[in-house]
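Chemist: Have a look at this one.
Here, each number is a calculation from the coordinates, and none is a lab measurement. Note that the structure is predicted; figures quoted are calculated from it, not measured. Neighbour counts are summed over all protein chains in view; Cβ atoms, including those assigned to glycine, are modelled from backbone coordinates with ideal geometry.
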């Protein structure tokens, strides 16, 4: 990931990742609750907090799916880094929201007070910023350690894997955001570690991580496929499923338009309407949403099977149907296309022509 582009667009990415995720989670959950109160969904054992909990987990965007699609269609670099960065940080925000609402569900809707709500808001920032700080500290540690490994090149990849994973474990032990910790650990130490270690070690780390990421994603989707044909977990509610698909699509598009309108007042490089269309199609759900819904306690969330069934349908809809629909929006470069493996500085970040 190009660090220069990432930090150059960090404000934009954070707005989409934090405000956008909270917007999607809140609007989806509250809209579903409003429809439920109208009686359109029938009899369900769900309260407001359950809907907000579901809204928080269904707002998780899968960065692996987004990365795969955007690399294939060769979008311009600015749009790529904004959408990929948003999907990357979106997962961390989603997990924090999920934990907050899960704790509220555990307390019970009648027992949640204003003080608990304030604590939830404070914990959101503490967990997010704390996880980021842990990641930066371990990035500094990893950068420092790799300065003294030139005589022991064979164990350099081991240091990279162990110290990076320690940032994740440390955040978990401190009840902070482990995703943010390992993300910012990688972002902050990438440039320095790459300069310190040998080319062979860098190649080992790169391809080992690709193998592990691909394997983990395959295992998650394998479990998702098994769940899709498991009759024991299927609970069908037509209104709930269809309205979830409608709300997540409409509110993501609406949130993108509103936030982009604000950002374009301050950005030097404007985000054009077609960019906003592509960003709206970039809200692909995947492994994170499925993993979170499976972790729900059915003793606390009575309609867990309905949530699982709906999440599976949402994942299949966004990853298959939405990607297929978005293919006509792929860019047609005016000049040389940027290969996905090429260094960033060899190609200008110019805007290609778009075909709808």
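Chemist: I'd like the orientation of helix 77-107 relative to the chain: the angle between its Cα long axis and the longest Cα principal axis, in ° from 0 to 90, rounded to 10.
Modeler: Result, in degrees: 40.
Chemist: Here's a follow-up. What angle do you read, to the nearest 10 degrees and between 0 and 90, between the alpha-carbon axis of helix 48-58 and the longest principal axis of the chain?
Modeler: Around 30 degrees separate the two axes.
Chemist: Of 56, 38, 227, how do they rank once you tally other Cβ atoms within 10 Å and put the fewest first?
Modeler: Numbers: 56 28, 38 8, 227 18.
Lowest count first: 38, 227, 56.
Chemist: Between residue 245 and residue 257, what is the spin-label point distance in nm, taking each point 7 Å from the Cα along the Cα→C-beta axis?
Modeler: Those two pseudo-labels are separated by 2.2 nm.
Chemist: Something else now. Multiply the residue separation of residue 208 and residue 228 by 0.36 nm, subtract the distance between their alpha-carbon atoms, and state the gained length in nm to one decimal. Please report the intermediate quantities before stating the final value.
Modeler: Numbers: separation 20, 0.36 × 20 = 7.20 nm, distance 3.01 nm.
4.2 nm is the gain from fully extending residue 208 to residue 228.
Chemist: Between residue 267 and residue 191, how high is the FRET efficiency from 1/(1 + (r/R0)^6) when r is the Cβ-Cβ distance and R₀ = 35 Å? Nearest 0.05. Can you show the working numbers first?
Modeler: Details: r = 25 Å, r/R0 = 0.71.
Efficiency for this residue pair is about 0.90.
Chemist: At a 10 Å Cβ-Cβ cut-off, how would you order 265, 252, fewest neighbours first?
Modeler: On the way: 265 8, 252 22.
Ordered by Cβ neighbours within 10 Å, fewest first: 265, 252.
Chemist: Hey, another quick one. Please determine, in degrees from 0 to 90 and to the nearest 10, the orientation of helix 114-145 with respect to the longest principal axis defined by the Cα atoms of the chain, where the helix direction is its Cα long axis.
Modeler: 20
Chemist: So, by mean Cβ neighbours within 10 angstrom, what's the order for 80-89, 6-15, 96-105 with the highest one leading? Before the final figure, lay out the partial values.
Modeler: Working: 80-89: 24.9, 6-15: 16.8, 96-105: 21.1.
Order by mean packing, descending: 80-89, 96-105, 6-15.
Chemist: Indicate the gyration tensor shape class of the stretch 6-50 (rounded, prolate or oblate), computed on the Cα atoms with a ≥ b ≥ c the square roots of the eigenvalues: a/c under 1.5 is rounded; otherwise a/b larger than b/c is prolate and the rest oblate. Walk me through the numbers on the way to the answer.
Modeler: Numbers: a/c = 5.93, a/b = 4.18, b/c = 1.42.
Prolate is the answer for the stretch 6-50, as a/c is 1.5 or above and a/b outweighs b/c.
Chemist: Take the alpha carbon gyration tensor of the stretch 101-189, find the square roots of its eigenvalues, order them as a ≥ b ≥ c, and report rounded if a/c is under 1.5; if not, report prolate when a/b exceeds b/c, else oblate.
Modeler: Details: a/c = 5.39, a/b = 3.31, b/c = 1.63.
Verdict is prolate for the stretch 101-189.
Chemist: Okay, next question. Please give the length that would be gained between residue 218 and residue 150 if that part of the chain were fully extended, namely 0.36 nm times their separation in residues minus their C-alpha to C-alpha distance (nm, one decimal). Provide the component values of the computation, followed by the final result.
Modeler: Details: separation 68, 0.36 × 68 = 24.48 nm, distance 3.56 nm.
Length gained between residue 218 and residue 150: 20.9 nm.
Chemist: Based on the Cβ-Cβ distance of residue 274 and residue 38, what FRET efficiency does E = 1/(1 + (r/R0)^6) give at R0 = 45 Å, to the nearest 0.05? Present the calculation step by step, with values, prior to reporting the outcome.
Modeler: Numbers: r = 36 Å, r/R0 = 0.81.
Given R0 = 45 Å and the Cβ-Cβ separation, E is 0.80.
Chemist: Considering only C-alpha atoms, what is the centroid distance from the stretch 125-154 to the stretch 244-262, in Å?
Modeler: That distance is 36 Å.
Chemist: Shifting gears a bit: Kindly put 244, 149 in sequence by how many other C-beta atoms sit within 10 Å of each C-beta, fewest to most. Don't skip to the end; give the middle numbers.
Modeler: Details: 244 23, 149 18.
Ascending number of Cβ neighbours within 10 Å: 149, 244.
Chemist: Let me make sure I get this right: for the stretch 93-245, a, b and c are the square roots of the gyration tensor eigenvalues over alpha carbons, sorted descending. Under 1.5 in a/c it's rounded, otherwise prolate if a/b > b/c, else oblate. Which is it?
Modeler: oblate
Chemist: Once label points are set 7 Å from the Cα along Cα→Cβ at both residue 122 and residue 165, what is their separation, rounded to one decimal in nm?
Modeler: Spacing of the two 7 Å Cα→Cβ label points: 3.6 nm.
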